[in-house]
Structure formats: structure tokens, C-alpha cells
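The block underneath contains the structure these notes are about, expressed in C-alpha cells.
Read-outs throughout are calculated quantities, based only on the coordinates presented, and are distinct from any laboratory measurement. Owing to the predicted nature of the structure, the values given are computational and were not obtained by experimental measurement. Here the Cβ positions follow ideal geometry from the backbone for every residue, glycine too, while neighbour counts run over all protein chains shown.
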Amino acid sequence: MKSEQLIKDVHAIREAHPENLMVRYFDGEWFSSLGKPEQERLLNIIATGLKNPDSQMGAYAMRPDDYALFAPLFDPMIRDFHSIPPDTKIKQVSDWNFSGIQGDLSAIDQRLADTSMRVRVARNVAAYPLPGAMSRDERLSFEALAVEAFSVLMKDPGFGGQYLSLTPGSPHQMSEREYTSRVQAHQMFKDMSADRYLNAAGISADWPHGRGMYVSEQEDFLVWVGEEDHLRIMAMRRGGDLKALFTRLHGGLEKLEHLLPPFAMSPTYGALNSCPTNLGAGMRASLHLKLPSLTQGDADLKRLKLLAQPLGLVVRGAAGEHSGAGEGGLVDISPNARLGVSEKEILNRLYQGTKTLWAAEIR
Ligand code: ADP
Ligand code: MG
């Protein structure tokens with residue numbers, strides 16, 4: 001694409017979609033100053049935001065070093081999304097020590113004793129391109145690497161379980177029926193080839209090759225392979241014990257860190273993931289809560305979202321991003337912040353914020 005045409009397109013999108021952060025911060029002069037190979041790389045990074053003007057971010061990293069190499073675009077986008085002022089230093093510090101959090105982390109409220117809880121982190125192995133730039137062979141070789149790590153994990157009595165693949169002809173291949181039921185159980189990711197944002201970024205290319213999931217014997221520790229990031233590592237359980245949930249994730253994450261080549265991490269941005277929204281702890285911790293009174297007659301969850309915002313919480317529908325409330329007012333509540341906040345702070349925000357929301361629900 002010619003620079004002039006690109007700059008024209010960017011300006012047109014900026015008019016129609018000021019929310020698209022890529023076009024907001026794309027600097028045509030800077031683009032023109034780059035060498036050909038860098039321009040090619042950048043075009044792949046921003047393809048999703050050009051093809052999908054309604055994108056919130058509009059750019060996906062293709063390689064872990066994109067964040068440093070293309071900082072003139074990424075840094076302002078990241079600061080905007082994560083609400084970090086331009087002159088503030090960004091630093092990601094990890095903290096899994098949950099002592100000192102105010103309140104009883106093992107129960108938010110007795111009436112929420114059967115809540116479905118989930119916490120995941122996104123991780124990518126530094127030696128591979130990010131999913132948007134992987135070849136089919138790289139997707140398959142990455143899956144093989146992950147399977148090797150899982151085979152060690154499976155021998156650990158604290159994990160056990162199995163690996164289920166979507167790769168055609170894989171010895172671990174799961175049936176269509178099993179895949180559907182695992183998606184319905186919220187254990188496995190949806191068909192990515194139906195997602196236009198991921199398609200434009202190349203993240204869903206070669207679907208379903210190199211995709212799969214590990215699930216522990218107790219079905220409380222799971223790993224997605226080949227979704228938006230190389231790995232989405234998560235703990236899931238029912239009840240109200242948030243500390244137990246986070247501790248389960250931390251234990252499994254540490255095991256995998258020893259079984260896999262180094263993850264792409266930076267002292268500034270933390271976990272280097274495909275989407276700039278997932279930098280930092282790369283963590284999303286969520287509760288599936290039934291809030292019939294707060295969601296009543298509110299199909300797009302506007303009122304609830306307004307209530308959750310000052311608490312640092314975001315609301316998603318019961319089937320994940322871009323879905324609506326489920327039966328009985330079932331919604332997905334999670335802290336907004338990922339970058340510049342520790343795991344402990346994320347747990348704290350989920351716990352304190354949910355307590356406040358719940359008090360409003362039962363008032
Ligand atoms: P993420 O981007 O954090 O992986 P998504 O919004 O894409 O999350 O949702 C992924 C899947 O996880 C969906 O099936 C969603 O319903 C499920 N999910 C999210 N939070 C919970 C929860 N607390 N309990 C059960 N399932 C959940
Ligand atoms: Mg997702």
C-alpha cells in the first residue's frame with residue numbers, strides 16, 4: 001500500500017471512529033520515515049484496525065519485540081487504554097502474596113457460595129512469533145512443544161488430566177461433539193475463524209490447526225493452546241474462595257514456566273501478548289454472578305456497567321465478550337486493570353468491587 005493512500009484511510013477512519021486507538025495515534029510522517037521491512041511489519045500490525053474501523057484497539061502485536069520497535073504507535077495506545085499519563089514510568093511488578101488484603105477472601109457472601117470463578121493469564125513463548133505471524137508449521141510445532149509439557153504435568157498427581165486437540169489427525173484429536181460441549185462448559189474457546197478482528201490480524205489463520213486445550217483431572221486447571229495468545233493459562237472453580245482460585249493458577253503457572261522455554265516478558269509491559277489490552281499481568285479474573293435486580297430490563301447492561309465502572313470493574317455477558325446477560329441476570333464481572341497492577345491488586349479489586357455490587361443487588 002502506498003503511504004499516501006494509507007494516511008488517507010487512517011484519516012477517514014479517525015473521523016468516523018475516534019474510538020479506534022490505532023488510528024488515533026498513527027503518525028503518517030513517522031510511518032513514511034520507516035524502512036520498507038519495518039513498514040511491511042507495521043502494516044500487518046494495523047491490518048485489523050484498518051479492516052475493522054470499529055475496533056477498540058485496532059492493532060495486534062505480531063512479535064514480542066514489536067512493542068519496543070514500534071513504540072511511537074504502541075506506547076501512546078497502551079497509555080490511553082490503561083489510563084497511564086504520558087510522563088509516568090510504566091513498571092510491571094508481580095505479587096502473588098495475598099496476605100494483607102482486607103476481608104475474608106474465602107467468601108464474598110454466603111449467598112454467592114456457588115459462584116463460577118475463573119482467572120486466566122495470557123503468555124507467549126519468546127522463541128516463536130505471536131499467533132498473528134505464525135506459519136502453520138510453527139503452530140503445529142508450538143502445539144507439540146506444549147503437549148510435551150502437558151505430558152509431564154499429567155504425571156503429577158496434583159494435575160493429571162488430558163490434552164484435547166483440534167488439529168486434524170492429531171492422536172489427541174477431540175470429536176466435534178466433545179469440542180461443542182467443552183465450549184458450552186466455558187472450558188474451551190469458540191471457533192476463531194468466525195471472528196473478523198482475529199481474521200484480519202491473521203491470528204485465526206490455519207484454523208483449527210495447532211489449537212487445543214489441556215484440562216486437569218479435577219477440571220480446575222486449564223490451558224488453551226493457539227487462541228489469541230500461545231497460551232491462556234487458567235484456574236476455574238465453583239464456590240467463593242478467591243484465594244484458592246488464584247493459588248491454583250499460580251501453582252500451575254509456575255510448573256509450566258519450568259516445563260516450557262522462556263515466556264516473552266518485559267520489565268515495563270510485563271507479559272508481551274498479542275493485544276495491548278492484555279499487557280502487564282496479562283490477567284483477567286472473573287466471576288459469573290447472578291444479578292437479577294441490577295440487570296432487570298437492561299438488555300445492553302448499561303446501568304450495571306455504569307455502576308461497575310467506578311469500582312474498576314467491567315461487565316461482559318455470560319458467554320464472554322460481546323454477549324448479553326444469561327438466565328437469571330447472569331453476567332461476567334472482572335477488574336479492568338491489567339498493566340501496572342499486580343496479581344494481588346487484581347484479586348483485591350475483584351473482591352472489594354464485587355462486595356459493593358452485591359450490596360447494591362440485595363438492597
Ligand atoms: P478471556 O478473554 O478472559 O479469555 P472471554 O470473555 O473470551 O474471556 O471468555 C472466555 C470463556 O470463559 C467464555 O466461555 C466465558 O463465558 C468463560 N468465562 C469467563 N468467566 C467465567 C467464569 N467466571 N465462570 C465460567 N466461565 C467463565
Ligand atoms: Mg477473549
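Looking at this structure, is residue 254 surrounded by fewer than 18 Cβ atoms within 10 Å (Cβ to Cβ), under 26 Å from residue 350 (Cα atoms) and within 12 Å of ligand 1 (Cβ to nearest atom)?
Working: surrounded by fewer than 18 Cβ atoms within 10 Å (Cβ to Cβ): yes; under 26 Å from residue 350 (Cα atoms): yes; within 12 Å of ligand 1 (Cβ to nearest atom): no.
Spelling it out, it is not the case that residue 254 is surrounded by fewer than 18 Cβ atoms within 10 Å (Cβ to Cβ), under 26 Å from residue 350 (Cα atoms) and within 12 Å of ligand 1 (Cβ to nearest atom).
Could you check the stretch 276-318 and list, in sequence order, the residues that are touching a His at 6+ places or on another chain (Cβ under 9 Å) and under 30 Å from residue 68 (Cβ atoms)? Before the answer, list the steps.
First, the residues of the stretch 276-318 that are touching a His at 6+ places or on another chain (Cβ under 9 Å): 276-277, 279-280, 288, 316, 318.
Passing the criteria: 276, 277, 279, 280.
With the requirement that a residue be within 15 Å of ligand 1 (Cβ to nearest atom) and out of contact with any Ser or Thr (no Cβ under 6 Å at 6 or more places or on another chain), what does the stretch 197-213 give you?
203, 211, 213
List every residue pair whose Cβ atoms lie under 7 Å apart, where the two residues are 6 or more positions apart in sequence or sit on different chains, the first residue falls within the stretch 149-167 and is within 22 Å of residue 208 (Cβ to Cβ), and the second residue, located anywhere, is outside any helix (DSSP H, G or I) and hydroxyl-bearing (Ser, Thr, Tyr).
Sorted first by the residue in the stretch 149-167, then by its partner, the pairs are 150/163; 150/214; 161/214; 161/216; 163/214.
From the list 271, 264, 299, which residue is farther than 29 Å from residue 174 by Cα and touching a Pro at 6+ places or on another chain (Cβ under 6 Å)? Step through it out loud before you land on a result.
Working: 271 fails: touching a Pro at 6+ places or on another chain (Cβ under 6 Å); 299 fails: touching a Pro at 6+ places or on another chain (Cβ under 6 Å).
That would be 264, the only listed residue that is farther than 29 Å from residue 174 by Cα and touching a Pro at 6+ places or on another chain (Cβ under 6 Å).
Go through (1) farther than 28 Å from residue 83 by Cα; (2) assigned to a strand (DSSP E or B) and name the single condition residue 256 misses.
Condition not satisfied by residue 256: (2).
Only one of these is touching a Leu at 6+ places or on another chain (Cβ under 9 Å) and of a type in the set (Gly, Ala, Ser): 144, 149. Name it. I'd like the intermediate steps shown before the answer.
Values: 144 fails: touching a Leu at 6+ places or on another chain (Cβ under 9 Å).
Within the list 144, 149, the selection yields 149.
Any residue at all in the stretch 66-78 that's part of a loop (DSSP other than H, G, I, E, B) and surrounded by fewer than 18 Cβ atoms within 10 Å (Cβ to Cβ)?
Of all residues in the stretch 66-78, those part of a loop (DSSP other than H, G, I, E, B) come to 70.
Next, only the ones that are surrounded by fewer than 18 Cβ atoms within 10 Å (Cβ to Cβ) stay: none.
Scanning the stretch 66-78 turns up no residue that is part of a loop (DSSP other than H, G, I, E, B) and surrounded by fewer than 18 Cβ atoms within 10 Å (Cβ to Cβ).
Scan 147, 125 and give me the residue that is within 18 Å of the chain's Cα centre (by Cα) and β-branched (Val, Ile, Thr). Reasoning before the result, please.
Values: 147 fails: within 18 Å of the chain's Cα centre (by Cα).
After applying the criteria, what remains is 125.
What number of residues within the stretch 227-250 are buried (at least 20 other Cβ atoms within 10 Å of the Cβ) and either in contact (Cβ under 8 Å) with a residue 60 or more places away in the chain or within 16 Å of ligand 2 (Cβ to nearest atom) (or both)? Walk me through how you get there before you give the answer.
First, the residues of the stretch 227-250 that are buried (at least 20 other Cβ atoms within 10 Å of the Cβ): 227-236, 240, 242, 245-246, 248-249.
From what is left, the residues that are either in contact (Cβ under 8 Å) with a residue 60 or more places away in the chain or within 16 Å of ligand 2 (Cβ to nearest atom) (or both) are 227-236, 240, 242, 245-246, 249.
Final tally of qualifying residues: 15.
Within the set of pairs 6+ apart or on separate chains, which have a first residue in the stretch 283-303 that is over 19 Å from residue 117 (Cβ atoms), a second that is within 16 Å of ligand 2 (Cβ to nearest atom), and C-beta atoms under 6 Å apart?
From the stretch 283-303, the pairs are 301/315.
Would you tally the residues in the stretch 122-162 being of a type in the set (Phe, Trp, Tyr), over 17 Å from residue 217 (Cα atoms) and in a helix (DSSP H, G or I)? Lay out the reasoning, then the answer.
Filtering the stretch 122-162 down to residues of a type in the set (Phe, Trp, Tyr) leaves 128, 142, 150, 159.
Those still in the list that are over 17 Å from residue 217 (Cα atoms) too: 128, 142.
Narrowing the set further to residues that are in a helix (DSSP H, G or I) leaves 142.
Selection size over the stretch 122-162: 1.
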